[in-house]
């Protein structure tokens with residue numbers, strides 16, 4: 001809604017963005033419909049197949065979903081294509097980047113729009129419990145949902161954990177754990193950690209979660225890592241999928257695969273802490289993932305014993 005309000009204020013007629021998991025695309029398509037704006041969403045062909053329910057939602061809301069067929073056909077290429085599309089229509093459109101990346105002021109804008117989550121979570125947790133959580137956990141790809149949760153808690157006595165996708169392992173092309181394995185580089189107009197080759201070109205990345213397979217991370221996350229304020233950890237595909245099924249079965253909540261990475265680390269962290277409270281940001285719902293999960297993992301029985 002923030003992007004839609006900004007477009008109306010600036011007299012623009014169209015919203016342009018990329019999406020990986022489709023959540024950002026659905027949100028923008030909704031805002032465009034509400035404000036009477038056109039909407040172009042660029043999405044990699046791999047993600048279009050993987051996130052079919054969200055593609056259908058975007059189109060039903062009136063957005064034009066533009067398939068991206070070059071490179072790995074995932075999030076990084078969708079960002080490339082969306083930038084190119086915006087440069088052709090910058091007089092009539094605004095670029096609503098989907099994560100806390102890109103040149104200034106995009107990371108700041110995304111962070112500030114997302115901070116409503118952290119502000120409300122902080123207020124509600126204090127109201128419910130009378131104290132701060134001992135720890136925060138959220139998934140980190142480009143870093144928008146996590147920045148929105150983390151920033152309002154930075155001055156509080158809270159341990160903060162950003163969880164990157166370790167995918168299928170530590171080999172090149174098998175993960176997208178940028179802060180954990182990346183080095184300083186430049187991508188899409190910003191300097192941050194980057195999974196890159198010896199020429200500074202981005203390496204291929206992978207995550208089971210379409211919204212996390214990005215070879216860099218927002219510059220504010222890089223700063224907060226270097227400053228030592230936020231800890232960055234990892235979760236594998238299998239850990240995320242197990243967490244996906246655990247929350248589904250034990251709480252009746254089906255989380256997005258992206259959010260399941262943060263949940264997976266929170267489960268590990270709880271075993272170390274024994275007591276205390278952990279606030280996890282469930283940044284998306286998992287109905288977009290259920291067809292893919294059923295195809296690859298069935299109904300999750302392999303993750304549970306007979307007595308569970």
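Label positions at residue 45 and residue 168, each projected 7 Å from the Cα along the C-beta direction, are separated by 2.0 nm.
Counting every other Cβ atom within 10 Å of each residue's Cβ, 178, 236, 129 order from fewest to most as 129, 236, 178.
Dividing the Cα radius of gyration of region 1-110 by its Kirkwood radius returns 0.94 for Rg/Rh.
In terms of Cα atoms, the Rg and Dmax of the chain work out to 18.6, 61 Å. Computed from the Cβ-Cβ distance with R0 of 51 Å, the FRET efficiency linking residue 9 to residue 301 stands at 0.50. Find the centroid of the Cα atoms in region 249-298 and in region 127-197, then give the distance between the two in whole Å. Rounded to whole Å, the Cα centres lie 16 Å apart.
Each residue in 234, 56 was given a count of other beta-carbon atoms within 10 angstrom of its own, and listing them fewest first yields 56, 234.
Residue order for 101, 55, fewest other beta carbons within 10 angstrom first, comes to 55, 101. Among beta bridges from DSSP that stay inside the chain, the antiparallel ones total about 25%. For the chain, adding -39500 (n - 2.57) for each run of n ≥ 4 DSSP H residues and dividing by the number of residues yields -13000 deg cm²/dmol at 222 nm.
At the listed q of 0.11, 0.22 Å⁻¹, the Debye profile of region 197-308, built from one uniform point per Cα, gives log10 I(q)/I(0) equal to -0.43, -1.33.
With R₀ set to 30 Å, the beta-carbon distance separating residue 128 from residue 253 gives a calculated FRET efficiency near 0.95. Counting only alpha carbon atoms, the long axis of helix 23-35 and the longest principal axis of the chain meet at about 50°. Taking 0.36 nm per residue of separation and subtracting the Cα-Cα distance, full extension of the segment from residue 184 to residue 34 would add 50.0 nm.
Where does region 115-297 land on the Kirkwood hydrodynamic radius, alpha-carbon pairs, in angstrom? Result for region 115-297 stands at 16.6 Å. Potential lengthening of the chain between residue 223 and residue 290 amounts to 20.6 nm, from the contour at 0.36 nm per residue minus the alpha-carbon distance.
Readers should treat all values here as calculations from the given coordinates under stated rules, not as data from a laboratory. Computed from a predicted model, the values in this text were never measured in an experiment. All Cβ positions, glycine included, derive from the backbone under ideal geometry; neighbour counts span all protein chains shown.
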